[in-house]
Amino acid sequence: MNNRLRQSFPLVTHSSLDELIAFREGREITVGRFFADVDRMARLLGSGGHLINLCCDRYHFMVGLAAGMVSGKTSLLPSSLTQGMLRALVEFAPDSVCLTDGCATAIDLPQIDYPEDEGNNGDGIVAGQSIPLIDGKQHVAYVFTSGSTGVPVPHLKTWASLVKNVRAEAQRLGIVEGRRYTLIGTVPSQHMYGFESIVLLAMQSGGAISSKQPFYPSDICAAISASPRPRMLVTTPFHLRSLMDDGLDVPPLDLLLSATAPISENLVREAEMRFDAPLIEIYGCTESGQIASRRPSVSTEWCLFPGVRITFQDGRAWVGGGHVDGLVELGDVLESVDKDRFLLHGRTEDLVNIAGNRSSLSYLNHQLNMIPGVLDGIFFMPENENPERVVRLTALVVAPGLDAESLTLALSERIHSAFLPRPLLFVDALPRNDTSKLPRELLDALAQAGMERLAHGNNR
């Protein structure tokens, strides 16, 4: 028994059922109310071994996650809802049930709508109920990414690795006992960043979440204003840039967290000044989870989480130790400063990251060229002279019998909307050399000519 207790961790670290764990639609939700909702949900999930949690409301997602854990189900967290991803989920776990809250999707699996709150008043807690302990080896979630071959790759997360991860993050962010943050996030709970730094961080630091996932600047400001302090905004450079450009009077924060893409020095300074709060960057990937942080206004160096180490082999960086299970290869070019610190120099090979969504040019090219009617085609990322602006992918396509609308529709069934090309330019041929390569300077010239034609209403 003692050995088992040492290998177990509480579902939440709140010290009382009366403490708050969420704010939803102007209502305070206690830990007791949360457990009542978890118990109710667990009874609805059936006997299958997997749960696909598609809830958009962050509190609903948290209830579904916890209900899956206490009933022994492993949650599947898809990175997108493309047809390819949906097919992969069905093939990977055909015993799954999907939990939705108004965002039902065309997946060939049973679906459960999150139950309405009416008639569920009161805490509904049995006298003497305690916070559950979860075995550290329990399989909590598979987080999916899209690999370079186009096959979504699942990455298994155990409860022990997740707990150690977010507790190290809480320590790094200065979230200590007695200072419980309200977490407001602009990223989905299914994304590894949102999963770790909003949902799990609140559960393992005694904090509370805002149930909303705001996108537009006015909605972000409203969600912040409705949340008690101390409060932290978990966001991306894309959302921050939009918020700064909108010109709104932003409410004060106590902490800003950014990830998914590098952030410019100008944006850091502006955000820290207008929110009157420090901005911290988190570094990691789906495979390893978060592994390092920095405050970019103070240092360009990243500091690894406790126990985490980076090694190099054949020019590649590998991470292990701490909460990381095994050794994980990183897709970035890193330079070691010492055993605890490193510099980040950018992506390796052809990986692209747009507003927190990661893919590769080779995968996107494969999907484009698989569409009937496409004779040749290529995606590429235009040069970005302003690092604070989000750059969209460009695609050059040889497809005489297709138009832009039909081709975009076909692409949207294969890839995430973040990677749809803007612009999509039709050309007569691609300037491939003798080895079938496409020199960048020729692509740029061809794209420029296509943009000029497009400006005159001609995309051929």
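The values are calculated or read from the model by the stated rules, or taken from the named source; none is laboratory data. These numbers were taken from a predicted model, which means no experiment stands behind them. A quick note on method: Cβ atoms are made from the backbone with ideal geometry, for glycine too, and the neighbour counts reach across all protein chains shown. Heavy atoms of the whole protein, side chains included, go into the accessibility calculation; ligands, DNA and RNA do not. Shrake-Rupley method; radii C 1.70, N 1.55, O 1.52, S 1.80 Å.
Both the radius of gyration and Dmax for region 298-381 are 17.0, 53 Å, in that order, over alpha-carbon atoms. Ranking Leu248, Ser299, Ser80 by Cα position along the charge dipole of the chain, where only Lys, Arg, Asp and Glu carry charges on their C-beta atoms, puts Ser299 farthest toward the positive end. Measuring between their Cα centroids, region 165-200 and region 220-265 lie 15 Å from each other.
Heavy-atom accessible surface of Arg229, to the nearest 10 Å², is about 130 Å², with a 1.4 Å probe and all protein chains retained. With both labels modelled 7 Å from their Cα along Cα-to-Cβ, the His456 to Thr311 distance reads 6.0 nm. Based on C-alpha pairs under 8 angstrom that are at least 6 apart in sequence, region 1-96 has a relative contact order of 22 percent. Across region 1-89, the volume of the C-alpha convex hull divided among the residues equals 136 Å³ per residue. Think of the chain as a dipole: +1 on every Lys or Arg Cβ, -1 on every Asp or Glu Cβ, centred on the Cα centre; then among Pro10, Val333, Thr236, Pro10 lies furthest on the positive end. To the nearest 10 degrees, how steeply does helix 440-455 sit against the main Cα axis of the chain, on a 0 to 90 scale? Tilt of helix 440-455: around 90 degrees. Secondary structure note: in region 192-299, about 40% of the DSSP beta bridges are antiparallel. Considering only DSSP beta bridges whose two residues both sit in the chain, what percent are antiparallel, to the nearest 5? In the chain, approximately 60 percent of DSSP beta bridges are antiparallel ones. In the chain, the longest principal axis of the Cα atoms and the axis of helix 237-246 are about 90 degrees apart. Measuring nothing but how far apart in sequence close Cα pairs (under 8 Å, 6+ apart) lie, relative to its length, region 239-280 scores a relative contact order of 52 percent. Taking every alpha-carbon pair under 8 Å whose residues sit at least 6 apart, the chain reaches a relative contact order of 12 percent. Between the entries (1) 1.05; (2) 0.94; (3) 0.98, the label attached to Rg/Rh (Cα atoms, Kirkwood Rh) calculated for this structure is (3).
What dipole magnitude, in Debye to the nearest 20, does the chain give about its Cα centre under +1 on Lys/Arg Cβ and -1 on Asp/Glu Cβ?
I would put it at about 900 debye.
The loop-placed trypsin sites (Lys or Arg not before Pro) in region 152-209, going by DSSP, that have at most 14 neighbouring Cβ atoms within 10 Å of their Cβ come out as Arg179.
At 1.4 Å probe size, with the rest of the protein present, what percent of the exposed accessible area of region 164-268 is carbon and sulfur atoms? Here it works out to 51 percent.
Can you pull out the GluC sites (Glu not before Pro) in region 401-460 that DSSP calls coil and that have at most 12 other Cβ atoms within 10 Å? Answer in residue order: Glu413. For region 233-316, the per residue solvent-accessible surface stands at 40 Å², with DNA, RNA and ligands left out and a 1.4 Å probe.
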